[in-house]
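Where a number appears in this text, it was derived from the coordinates with a stated rule and is not lab data. What you see is a predicted model, and the numbers here were worked out from it, not measured in a lab. Note: ideal-geometry Cβ built from the backbone for every residue, glycine included; neighbour counts use all protein chains shown.
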């Protein structure tokens, strides 16, 4: 079964990556997490295997220009997560989409940047398990030689910058953020992208607002974070950002706290930069057994996104249900039961 | 490998549940999993009991707290119902031979842990009572029937799957019954690790706590289960004044989350926070909730013996009246994957009695005044309300 069939048809036009570069925002609230949506984005990007052109051509009769260029168009994914660990994403991608992220990482199509496990947790001083970083993989330098025709990224790969403290001796495609410093973040992502084998990348930032709320540094504000985001857009064609949009974070309390002001400012700023917003929230009328939450999709006007019939995609509100086995059903209001 | 297994058996008998027991033969289950841990019926991940059966049962069907996860319990008002949950959780850990870490409390807290219920008569009575509940769910299988249960194995399914040795049965209990009015007698070789909060006015109090936990985890054997109890987080009575700053507490919780994930088969945690001091509408508390895996809220009813409101919670007269509402905002694992918030979709209320912390469905009773009015009307004769004969024509 092709993995793309795991994506609900109603949702598909909204998570399809456009031909041009794009920034997408997904938001979640406490009771309705958007992790399943992020997994669907990974699935959509990575299941576009070399046979993708054929698939899409048969689906919606029009031939897209980019796909005639050949198989070089395949995407790679860089997932930066400040809230969730590698095991979680690996399990979810396998259950929800049938993707083997370990294999994809070995193939150079997926990189995970871990912003959770070593960000604030102090290194154990006595333990000898963490051997100091060895020389970066020699395979990295060999790889570009074997793939001629891609001239652009080679200089980047040739000089593995030493300053991002990445331990990739053990598993390929894994990087660690060791401090909330934005420069380190930029460098790590740059190294991660240059280690990939594809020209186009989808960069997923899971909860960068965690940085904003936890960092004590005065230089880390919504300003610097959003400018970092735009700088990252230069090196990555698609960016997907996942932020929390809970009410306490959006409507500051009466003496407004810096934390609340910062997260509000950042969220609003990002929402204005992006071309589409997919927000998950809990059902307004209470908890139901057959509905997990409401998904609101908003896209920018002006023909940025193509709908099903070739027309312009319009915003829509749908309900979704995440089942125990990891599958997701997306349906219109009132169409939930009996299917 | 063989050496490891022998170790498990040793620790089993060393910190055993019952000192009267002879060194128990290694049962198949305890040889594979540490005591007090069983696989989740949903996806097989290891879970451990919170010490409160009804709390276990609302954790999205895992019938226990999945290891590597934390629960944050907020409570409004000046009551300490959440403290009862913490004590059951810690006592369960002590009885199962887990290592219990308590942050910010002294040994006096540990001495007040509830004791095990051992009386045979009481057990039997409890058993009979539970049996009635269990019958209803018998067809639903082992785990559902264990929900309403506690100390004793009663479902025939379970008894059939285990061997019939009484001693063995005792050793595989997942969740014990505790009595808040008794005091727990500590098994030999168990000690609670009390982690003090450093009163340093300048640096973050949480860094030494983390280092202590990390050290304990890395220096203990690989099969040892750890439980972390953090009562009344950020309470000014315990913590220095700058600890509620976002970079202090949120950095700690972020690192703590990383620690939980680094030991996905050995560590669980239960945290409480006074919501009257730190309301849920503030950004810091919301981030604390985002960084925790499960979020529950206790809303005690105002207590007034003359107030009819306090009696109205019980659906029938036979039931104990609940002491407050129990709100489920987030459930471990299930919410992380995108499942619905409340999980159950029902209003829940909690009842604390000597022996249990019960979380059950909450429904408003029929208005009791009405029945009196009806009775009064019936007593007044057929004048007011036409009776059956009067209606016939």
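Points worth noting:
- Among B:328, B:95, sorting on how many other beta-carbon atoms sit within 10 Å of each Cβ, with the fewest leading, yields B:328, B:95.
- What the Cβ-Cβ distance of residue B:43 and residue B:346 gives, at R0 = 30 Å and to the nearest 0.05, is a FRET efficiency of 0.80.
- The overall shape of the range A:248-310 is oblate: from the C-alpha gyration tensor, with semi-axes ordered a ≥ b ≥ c, the ratio a/c is 1.5 or greater and a/b is no larger than b/c.
- Residue A:186-residue A:312 pseudo-label distance in nm [points 7 Å out on the Cα-to-Cβ vector]: 3.6 nm
- Förster radius 41 Å - calculated FRET efficiency between residue A:290 and residue B:265 (Cβ-Cβ, nearest 0.05): 0.80
- For the range B:47-125: rounded, prolate or oblate by the Cα gyration tensor [a/c cutoff 1.5]: rounded
- Where a label projected 7 Å from the Cα of residue A:332 along Cα→Cβ would reach, residues of the range A:277-294 with amide N under 13 Å: none
- Computed FRET value (nearest 0.05) for residue B:245 with residue A:123, which takes r as the C-beta separation and R₀ as 22 Å: 0.40
- Each residue in B:329, A:20, B:223, B:254 was given a count of other beta-carbon atoms within 10 angstrom of its own, and listing them fewest first yields A:20, B:223, B:329, B:254.
- Cα-projected label distance for residue B:203 with residue A:223, points at 7 Å along beta-carbon direction, nm: 3.2 nm
- Placing dummy labels 7 Å off each Cα toward the beta-carbon, the span from residue A:250 to residue A:90 is 3.6 nm.
- The range A:203-339 - convex hull of alpha carbons, volume per residue in Å³: 163 Å³
- Global geometry of the range A:219-280, whether rounded, prolate or oblate, following the gyration tensor of its Cα atoms and the 1.5 cut on a/c: oblate
- Sorted by Cβ neighbour density within 10 Å, fewest at the top, the residues B:281, B:351: B:281, B:351
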